[in-house]
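Asker: My questions all concern the structure below.
The values are calculated or read from the model by the stated rules, or taken from the named source; none is laboratory data. Treat the numbers as computed from the prediction; the structure is a model and nothing was measured. Heads up, the Cβs are rebuilt from the backbone with ideal geometry, glycines too, and the neighbour counts pull from every protein chain shown.
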Amino acid sequence: MNLLEPFSQPVYVSQPLLPGIEELTKLVKLIWDSKQLTNNGKMVQQLEKELAEFLHVPYLSLFCNGTVALQLACQVLRLSGEVITTPFTFAATVHALAWNHLKPVFCDIEEDTFNMNPDLVESLITPETSALFPVHVFGRPCNVVKLQDVAERNGLKVLYDAAHAFGVKINGQDIASFGDVSMFSFHATKIYHTVEGGALTFNHPYLKERADSLKNFGIRGTDHVAEPGSNGKLNELQAAVGILLLDKVPEEIARRKEITALYRQMLSDVPGIKTMKESENVFANYPYFVIQIDKKEYGLSRDELYEKLKEYNIITRKYFYPLCSNFPCYRDLPSADRQRLPVANRIAETVLALPLYGQLPHSAVEKICTIIRSLR
Ligand SMILES: Cc1ncc(COP(=O)(O)O)c(C=O)c1O
């Protein structure tokens, strides 16, 4: 194989983990026999139980996707006024606030983790602030201790967007145990998924009760609709996929860890390419392999490298770009001013996610790295 020839087929940035078709067919048959396709059926109940055990949380509620879960989480926590969040995230994080008529207040991020900088949060708090809404970007935990301290001293709720952080542990403690509520996305591009789907985790039963009601139209009993809820339910077919994939997560993480180590080894000495370090005391889940490109040293900008790699059939992702604070719908907010978000603006211009999934052959990683090395 000529390592500098384009791949014959596109190599995408991610590839979904799939259950065996025979084992899926068996569960589909059970669903068919039960004639219950949705509305908190047996599969959803089983998966909620198994996920709560897997994540070591007392209460968990499944949703049709992570975005609706976030939108309803704001209501579960009765957030109001302003919410401090990060601009370096996927659109869904900030949109969840806008859908609830909450005002996003953008906080700049840390250089090394790309997470909300806890040292800057306090200066953004006003009498209108009701919560902190940090994101564990690329599965790397936020500084949960500092953020909790700021929240407690200022009487704020903490809602974590843990979309990327399934299975991550800090000092052996599962990431879902921090904050008031955490959201996990089970979109097909995530390390664990239900095709589309998501979950909220809670430490208090009343939060789960409210989430369960809000995702089911606000219905509390046969003749009782308590509040204006939405439809956020996961269905039985998708829950079946989730049940079958849960056992496969440890192996998927282990494979991704090996691939990440190979990428790091092959790219660590390329001038102008920076790889992210492992966080200390963290059990990581390796959802993305992200590099930072310094054009002065590497010779190509992030956008130029992205285009060049496409010529080799390597489909990477500018993740996250554009920055949420630069979207037309948010850029006029005072906190969206570029001068106030220097780190986030720079990082968003220079990061690139390379292909990473458990089934990615090591030979493909070697070829991708050889091509990246050759392009400078
Ligand atoms: C950080 C972040 N938040 C929220 C979401 C939304 O999740 P979903 O796609 O399940 O709606 C995503 C999805 O990719 C995400 O990456």
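Asker: Against the condition within 16 Å of the ligand (Cβ to nearest atom), out of contact with any His (no Cβ under 7 Å at 6 or more places or on another chain) and modelled with pLDDT of 95 or more, how does T201 come out, does it pass? Full working, then the answer.
Answerer: Details: within 16 Å of the ligand (Cβ to nearest atom): yes; out of contact with any His (no Cβ under 7 Å at 6 or more places or on another chain): yes; modelled with pLDDT of 95 or more: yes.
For T201, the condition - within 16 Å of the ligand (Cβ to nearest atom), out of contact with any His (no Cβ under 7 Å at 6 or more places or on another chain) and modelled with pLDDT of 95 or more - is met.
Asker: Moving on. Out of S363, S335, report the one residue that is outside any strand (DSSP E or B) and closer than 30 Å to V105 by Cα.
Answerer: Working: S363 fails: closer than 30 Å to V105 by Cα.
None of the others qualify; the one that does is S335.
Asker: Name every residue in the range 108-144 that is surrounded by fewer than 17 Cβ atoms within 10 Å (Cβ to Cβ) and among the hydroxyl-bearing types (S, T, Y), in order of residue number.
Answerer: Those that are surrounded by fewer than 17 Cβ atoms within 10 Å (Cβ to Cβ) and among the hydroxyl-bearing types (S, T, Y): S123, T126.
Asker: Residues being surrounded by fewer than 21 Cβ atoms within 10 Å (Cβ to Cβ), touching a residue at least 24 places away in the same chain (Cβ under 8 Å) and under 20 Å from L159 (Cβ atoms): count how many of those fall in the range 200-228.
Answerer: Summing the residues that are surrounded by fewer than 21 Cβ atoms within 10 Å (Cβ to Cβ), touching a residue at least 24 places away in the same chain (Cβ under 8 Å) and under 20 Å from L159 (Cβ atoms) in the range 200-228 gives 4.
Asker: Checking M116 against (1) among the hydrophobic types (A, V, I, L, M, F, W, C); (2) over 19 Å from P342 (Cα atoms); (3) without any contact (Cβ under 8 Å) to a residue 40 or more places away in the chain; (4) within 16 Å of the ligand (Cβ to nearest atom), only one condition comes out false. Which one?
Answerer: Exception for M116: condition (2).
Asker: Given the criteria at pLDDT 95 or above, charged (D, E, K, R) and either in contact with a strand residue (DSSP E or B) (Cβ under 8 Å, 6 or more places away or on another chain) or within 16 Å of the ligand (Cβ to nearest atom) (or both), does D174 qualify?
Answerer: Criteria not met by D174.
Asker: Also, quick follow-up: Is there a residue being surrounded by 15 or more Cβ atoms within 10 Å (Cβ to Cβ) and closer than 19 Å to N115 by Cβ anywhere in the range 266-274?
Answerer: Yes: the range 266-274 contains one or more residues that are surrounded by 15 or more Cβ atoms within 10 Å (Cβ to Cβ) and closer than 19 Å to N115 by Cβ.
Asker: Could you tell me whether any residue of the range 280-289 is in the same structural domain as L352 (by TED's automatic domain parsing) and touching a Ser or Thr at 6+ places or on another chain (Cβ under 7 Å)?
Answerer: There is at least one residue in the range 280-289 that is in the same structural domain as L352 (by TED's automatic domain parsing) and touching a Ser or Thr at 6+ places or on another chain (Cβ under 7 Å).
Asker: Please enumerate the residues belonging to the range 162-199 that are of a type in the set (V, I, T), buried (at least 21 other Cβ atoms within 10 Å of the Cβ) and over 28 Å from V145 (Cα atoms).
Answerer: The answer is T194, and nothing else.
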